[in-house]
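Enquirer: One structure, pasted below without further comment.
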Ligand code: MV4
């Protein structure tokens, strides 16, 4: 049985903090790593020890396997948690960790490798009886082969990168004349992004939903913890996630869940993972890919199923059984997550940078604020623009929407532009409230992306900022308390003006 007392977290920000907390609850010491930009980061202060691994640029720090392994050695860590992003889905990293005699807190490297190659994954899923989108099950060797397959599938078709994922190296083709160009473009983009130009073809599905299933596998069994609805996205970046999905009945949950469990079992999966599906309007569903890591949106599942997924990762890596004993389990209530990013709706959603001059996080029953930043922190362009995840749970979807609206009312971030207002517009939208969103929702609803002139709100924020700064300099009353007074006052005023 693997044994370790100290866990190195090969990540930063909110997910590093999330993992550190789980380590402490499970009785493990947590070792942080940090770049030049993160010397004073929250994850560094929360850990029991911290090691500097290089400059701000990820390729010189958080992506350096040698520096991470050296920090693990120096700290006496016996296990490594990769978080999400960075090296979390690199089979070579999992292997290097194991080679160094450490426990990788994630799936076996062979499972990462099998799922990383999309055509290999398709072949394995077909063999395991998991439905995949109609298409080819190996990389294309020439345009004539592509032409014949596309004619057989019927247009529109989708060209995808074999090494792909996340939408890179992907092209929709609506007619035969466009096929050759799309193949070239997709291959070039795949070569550039993944160093692998292989592409394959699938039938293009119109307006599906993006539904993903949470998998949990220990040495004895593989189970699923239901689905997350992830259709609300913009340019392959998820914006808001929910559990459960309004589109998934108990019957469909059993069917898709069974397919997800088969998919995981087919690659010898261990730990937590996610099977992504496209769900068509007629109820048919197709396996897309498997994410072999803990995901950003895992908290909605934790709320709906009452399970701590990072704790389960730690247990399974240590050779212990998962805590889930009664299964299948039904979801309880409804959870929603809003990703709060430093992206400016007034500037084409480009990342906004600067010092966070004031941050007030929402709180209250069944409100969770997962963040790696606080007042005074600098937001740079080196890392992901996600500042925090705001997650709520309530007895049903309408109540969860109202709770999220209330929590967003409490949230104050001054100093960088954020997408907070977009979340407000989305939650208030009748089509969203009816649960009608598919993956093209935000493309169709550009009105939601447009900033509405809101002079009173801008003024409110400016006053809060000025007061916070003024208080910092002159007052004996803590700046935070005084700014909260101001935010509360102007928040109420805003509501009377109908600014919600
Ligand atoms: C598709 C598709 C339609 N038809 N495949 C995008 C990222 C990658 N994981 C797979 N993706 C898609 N594959 C077929 N055959 C539409 C998408 C897609 C998408 C999928 C999930 C979530 C958001 C998306 C946004 C645009 C396109």
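The values are calculated or read from the model by the stated rules, or taken from the named source; none is laboratory data. The model shown is predicted, which means the values in this text are computed figures rather than measured ones. Note that we place each Cβ from the backbone using ideal geometry, even for glycine, and neighbour counts take in every protein chain shown.
Enquirer: Quick check on the range 235-263: of everything there that is at pLDDT 95 or above and farther than 18 Å from residue 279 by Cα, which residue is nearest to the ligand (Cβ to nearest atom)?
Expert: Among residues in the range 235-263 that are at pLDDT 95 or above and farther than 18 Å from residue 279 by Cα, the one nearest to the ligand (Cβ to nearest atom) is 237.
Enquirer: What about residue 30, is it surrounded by 20 or more Cβ atoms within 10 Å (Cβ to Cβ) and either touching a residue at least 60 places away in the same chain (Cβ under 8 Å) or closer than 23 Å to residue 307 by Cα (or both)? Quick ask: steps written out before the conclusion?
Expert: Working: surrounded by 20 or more Cβ atoms within 10 Å (Cβ to Cβ): yes; either touching a residue at least 60 places away in the same chain (Cβ under 8 Å) or closer than 23 Å to residue 307 by Cα (or both): yes.
Considered against the rule, which asks whether it is surrounded by 20 or more Cβ atoms within 10 Å (Cβ to Cβ) and either touching a residue at least 60 places away in the same chain (Cβ under 8 Å) or closer than 23 Å to residue 307 by Cα (or both), residue 30 comes out as yes.
Enquirer: For the range 264-276, name all the residues that are surrounded by 23 or more Cβ atoms within 10 Å (Cβ to Cβ) and away from the ligand (no atom under 14 Å from the Cβ). Spell out how you get there, then give the answer.
Expert: Our first condition is that a residue be surrounded by 23 or more Cβ atoms within 10 Å (Cβ to Cβ); within the range 264-276, this holds for 264, 267, 269, 271-275.
Those that are surrounded by 23 or more Cβ atoms within 10 Å (Cβ to Cβ) and away from the ligand (no atom under 14 Å from the Cβ): 264, 267, 269, 271, 272, 273.
Enquirer: So, in the range 279-298, how many residues would count as being more than 16 Å from the ligand (Cβ to nearest atom) and surrounded by 24 or more Cβ atoms within 10 Å (Cβ to Cβ)?
Expert: Narrowing the range 279-298 to residues more than 16 Å from the ligand (Cβ to nearest atom): 283, 294, 298.
Then keep just the ones that are surrounded by 24 or more Cβ atoms within 10 Å (Cβ to Cβ); that gives 294, 298.
Selection size over the range 279-298: 2.
Enquirer: Take the residues in the range 155-175 that are part of a loop (DSSP other than H, G, I, E, B) and surrounded by fewer than 15 Cβ atoms within 10 Å (Cβ to Cβ); name whichever of them is nearest to the ligand (Cβ to nearest atom).
Expert: If we filter the range 155-175 for residues that are part of a loop (DSSP other than H, G, I, E, B), which is where we start, we get 155-156, 162-164, 166-167, 169-170, 174-175.
When the remaining residues are screened for being surrounded by fewer than 15 Cβ atoms within 10 Å (Cβ to Cβ), the result is 166-167, 174-175.
Numbers: 166: 6, 167: 4, 174: 12, 175: 16 Å.
Looking at the filtered set, the residue picked out is 167.
Enquirer: Then there is this: For the range 65-103, give me the residue count where each residue is under 22 Å from the mean Cα position of the chain (by Cα) and not in a helix (DSSP H, G or I).
Expert: The qualifying residues number 11.
Enquirer: While we're looking at this one, here's another question. With 228, 207, 234 as the choices, which residue is in contact with a helix residue (DSSP H, G or I) (Cβ under 6 Å, 6 or more places away or on another chain), touching a residue at least 12 places away in the same chain (Cβ under 8 Å) and surrounded by fewer than 18 Cβ atoms within 10 Å (Cβ to Cβ)?
Expert: Unique residue meeting the criteria: 234.
Enquirer: Quick check, is residue 184 surrounded by fewer than 22 Cβ atoms within 10 Å (Cβ to Cβ), without any contact (Cβ under 8 Å) to a residue 24 or more places away in the chain and under 30 Å from residue 317 (Cβ atoms)?
Expert: Values: surrounded by fewer than 22 Cβ atoms within 10 Å (Cβ to Cβ): yes; without any contact (Cβ under 8 Å) to a residue 24 or more places away in the chain: yes; under 30 Å from residue 317 (Cβ atoms): no.
For residue 184, the condition - surrounded by fewer than 22 Cβ atoms within 10 Å (Cβ to Cβ), without any contact (Cβ under 8 Å) to a residue 24 or more places away in the chain and under 30 Å from residue 317 (Cβ atoms) - is not met.
Enquirer: I want to confirm something. Restricting to the range 143-154 and keeping residues that are in contact (Cβ under 8 Å) with a residue 24 or more places away in the chain, farther than 16 Å from residue 119 by Cα and within 16 Å of the ligand (Cβ to nearest atom), which single residue is surrounded by the most Cβ atoms within 10 Å (Cβ to Cβ)?
Expert: 150
Enquirer: Same structure again: Please determine whether any residue of the range 120-134 is buried (at least 18 other Cβ atoms within 10 Å of the Cβ), part of a helix (DSSP H, G or I) and out of contact with any helix residue (DSSP H, G or I) (no Cβ under 9 Å at 6 or more places or on another chain). Steps first, answer last, please.
Expert: Just the residues of the range 120-134 that are buried (at least 18 other Cβ atoms within 10 Å of the Cβ), to begin with: 121-122, 124-125, 130, 132-133.
With the extra rule that they be part of a helix (DSSP H, G or I), the set shrinks to 121-122, 124-125.
Okay, now just the ones that are also out of contact with any helix residue (DSSP H, G or I) (no Cβ under 9 Å at 6 or more places or on another chain), so 122.
Yes, some residue in the range 120-134 is buried (at least 18 other Cβ atoms within 10 Å of the Cβ), part of a helix (DSSP H, G or I) and out of contact with any helix residue (DSSP H, G or I) (no Cβ under 9 Å at 6 or more places or on another chain).
Enquirer: Ok, one more. Give the number of residues within the range 104-119 that are away from the ligand (no atom under 14 Å from the Cβ) and part of a helix (DSSP H, G or I).
Expert: 6
Enquirer: While we're on this one: Just one of 100, 72, 79, 94 is out of contact with any strand residue (DSSP E or B) (no Cβ under 6 Å at 6 or more places or on another chain) and over 26 Å from residue 208 (Cα atoms); which is it? Full working, then the answer.
Expert: On the way: 72 fails: out of contact with any strand residue (DSSP E or B) (no Cβ under 6 Å at 6 or more places or on another chain); 79 fails: out of contact with any strand residue (DSSP E or B) (no Cβ under 6 Å at 6 or more places or on another chain); 94 fails: out of contact with any strand residue (DSSP E or B) (no Cβ under 6 Å at 6 or more places or on another chain).
None of the other options fit; the residue is 100.
Enquirer: Could you grab me the full set of residues in the range 186-216 that are more than 16 Å from the ligand (Cβ to nearest atom) and not in a loop (DSSP other than H, G, I, E, B)?
Expert: Result: 187, 188, 191, 192, 214, 215, 216.
Enquirer: If I filter the range 366-387 for residues that are modelled with pLDDT of 95 or more and more than 23 Å from the chain's Cα centre (by Cα), do I get at least one hit?
Expert: No: the range 366-387 contains no residue that is modelled with pLDDT of 95 or more and more than 23 Å from the chain's Cα centre (by Cα).
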